[in-house]
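Read the structure below first, then the notes.
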Amino acid sequence: MESVLSKCENQITIFTDYLEEFPDTDELVWILGKQHFLKTEKSKLLSDISARLWFTYRRKFSPIGGTGPSSDAGWGCMLRCGQMMLAQALICRHLGRDWNWEKQKEQPKEYQRILQCFLDRKDCCYSIHQMAQMGVGEGKSIGEWFGPNTVAQVLKKLALFDEWNSLAVYVSMDNTVVIEDIKKMCCVLPLSVDTADERISDSLTASNHSKGTSAFSLTWKPLLLIVPLRLGINQINPVYVDAFKECFKMPQSLGALGGKPNNAYYFIGFLGDELIFLDPHTTQTFVDTEENGMVDDQTFHCQQPPQRMNILNLDPSVALGFFCKEEKDFDNWCSLVQKEILNENLRMFELVQKHPSHWPPFVPPAKPEVTTTGAEFIDSTEQLEDFDLEEDFEILSVE
């Protein structure tokens with residue numbers, strides 16, 4: 001196994017060899033819902049990009065599952081991209097989209113806690129260990145490459161054990177986002193009434209909620225919305241290009257997962273017809289917490305200009321991500337989708353109010369009843385049988 005991983009690492013191009021500077025142009029650059037004037041705000045743009053948490057291949061971590069690989073080089077790129085998208089959601093959740101990172105500067109305690117969710121240890125809730133082992137429940141062997149939909153399903157299930165961040169993760173099916181289902185999942189009873197996991201009853205519709213007819217004051221559980229799509233057969237259909245770019249302009253944007261077959265990137269914005277992305281294909285050594293409980297974060301931020309690729313070179317299998325901290329953010333997102341996405345002749349995806357009658361009933365995901373909690377749950381693949389497979393919708397992966 002080690003010899004195979006070593007070979008994969010040697011085939012990875014040195015990151016600094018193929019980076020390009022941004023061109024001298026008057027065009028606007030969009031990064032995760034924020035615009036930058038390239039000609040006058042280049043340093044601000046690069047600072048915004050470097051503030052994103054950057055997860056890459058790592059080596060020399062504890063073997064996954066006790067006897068598995070100790071590096072994810074050559075197979076973990078989509079998992080790393082999924083980590084980056086989720087990390088951006090957590091940054092927005094606790095620090096806000098305008099938060100910025102500066103080298104060697106002391107950061108809020110929430111930042112360190114977010115970072116520690118992703119360390120390459122089995123006891124970290126979104127570690128490569130947890131993601132790879134949860135992937136077994138999605139039909140993926142440890143060390144096998146994931147597609148964007150598989151990563152989305154894994155994140156949805158791992159989030160059930162993450163009480164601190166307390167995210168509702170919705171992964172759309174059949175290119176359709178259902179407003180009623182999201183409201184049902186995100187509108188919860190506050191802790192003062194009962195547990196945060198308790199949901200509004202099936203009889204309470206979204207319209208009733210909006211009219212305030214509930215006996216209790218419901219709170220909104222922050223939403224991570226992932227929309228897996230296939231935007232063509234063998235290559236992206238140009239008819240989707242404008243709508244795809246519009247998604248990066250939305251203030252709720254978390255970018256997109258995608259890339260090329262077996263070669264995943266985290267797309268965070270665009271310049272003209274070029275997509276801007278963070279590349280996980282650099283192998284770095286495992287970083288753990290230090291004696292003071294802090295993490296040296298220097299290798300978790302890309303401090304050089306990012307890469308770009310023409311949007312038409314993108315593989316058609318992608319997954320869009322959005323974060324809605326409050327209900328008004330989701331309502332605003334729905335309005336933007338109606339205006340920018342649903343006015344196209346060939347729609348990138350659908351947004352509907354009611355749950356389709358021919359679909360199985362929607363049941364908000366809940367943590368299985370097991371004796372262990374949190375990240376400890378997935379210590380062995382035998383415990384994954386409590387989860388249902390989502391194989392009917394795996395056609396959206398790049399594999």
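The values are calculated or read from the model by the stated rules, or taken from the named source; none is laboratory data. Small disclaimer: the values here were computed from a predicted structure and weren't measured. As a convention, Cβ positions derive from the backbone with ideal geometry for all residues, glycine included, and neighbour counts pool all protein chains shown. Accessible surface is based on the protein model in full, side chains and every heavy atom, while ligands, DNA and RNA are left aside. Shrake-Rupley method; radii C 1.70, N 1.55, O 1.52, S 1.80 Å.
Apply the Karplus curve 6.51 cos²θ - 1.76 cosθ + 1.60, θ = phi - 60°, to the phi angles in segment 108-114 and return the couplings in whole Hz, x for Gly and Pro.
x, 4, 4, 4, 4, 5, 4
Give me the distance in nm between label points sitting 7 Å out from Cα along the Cα-to-Cβ direction at Ser47 and Ser70, one decimal.
Those two pseudo-labels are separated by 4.1 nm.
Using 7 Å Cα-to-Cβ label points, what is the Ser166/Leu28 separation (nm, one decimal)?
Output for this residue pair reads 3.6 nm.
Would you check the accessible area of Lys105, probe 1.4 Å, heavy atoms only, in square angstrom rounded to 10?
About 120 Å², ignoring ligands and nucleic acids.
Given 0.36 nm per residue, what is the gain on full extension from Asp296 to Ser335 after removing their alpha carbon distance, in nm?
9.9 nm
Which of rounded, prolate or oblate describes segment 111-197 when judged by the alpha-carbon gyration tensor and an a/c cut-off of 1.5?
oblate
For a test of the definition: using alpha carbon positions, the gyration tensor, and the 1.5 limit on a/c, classify segment 213-292 as rounded, prolate or oblate.
oblate
For Lys39 and Ala366 in the same chain, what is the full-extension length gain: residue separation times 0.36 nm, less their Cα-Cα distance, in nm?
Residue separation times 0.36 nm, minus the Cα-Cα distance, leaves 112.9 nm.
If I compute solvent accessible area with a 1.4 Å probe over the protein chains, what percent of it on segment 251-352 is carbon and sulfur?
The computed percentage sits at 43.
Convert each backbone phi in segment 64-81 into a coupling constant with the Karplus relation 6.51 cos²θ - 1.76 cosθ + 1.60 (shift: θ = phi - 60°), then list the ³J(HN,Hα) values in order as whole Hz, x for Gly and Pro.
Per-residue couplings from phi come out as 5, x, x, 10, x, x, 10, 8, 9, 4, x, 9, x, 5, 5, 5, 5, 5 Hz.
Stretched out fully, how many nm does the piece from Lys60 to Gln353 gain, at 0.36 nm a residue minus the Cα gap?
Gain on extension, Lys60 to Gln353, equals 100.7 nm.
If the label point is 7 Å along Cα→Cβ of Thr289, which residues in segment 123-141 have backbone nitrogen under 13 Å from it?
Those under the cut-off are 123-125.
Suppose accessible area is computed on protein heavy atoms with a 1.4 Å probe; arrange Lys183, Lys44 from highest to lowest.
Ranked list, largest accessible area first: Lys44, Lys183.
Round to the nearest 10 and report in Å² the accessible area of Asp98, as given by a 1.4 Å probe over the protein chains' heavy atoms.
About 120 Å², rounded to the nearest 10.
Run the 1.4 Å probe and let me know the accessible area of Cys92, rounded to the nearest 10 Å².
Near enough 20 Å² of accessible area.
Take the Cα pairs of segment 12-166, get the Kirkwood Rh, then feed it into Stokes-Einstein at 25 °C and 0.890 mPa s and tell me D in µm²/s.
143 µm²/s
Past the 30 Å Cα-Cα mark, which pairs from Lys325/Lys367; Lys103/Lys140; Lys103/Lys339; Lys105/Lys183; Lys140/Lys354; Lys109/Lys260?
Lys103/Lys140; Lys103/Lys339; Lys105/Lys183; Lys140/Lys354; Lys109/Lys260, as the Cα separations exceed 30 Å there.
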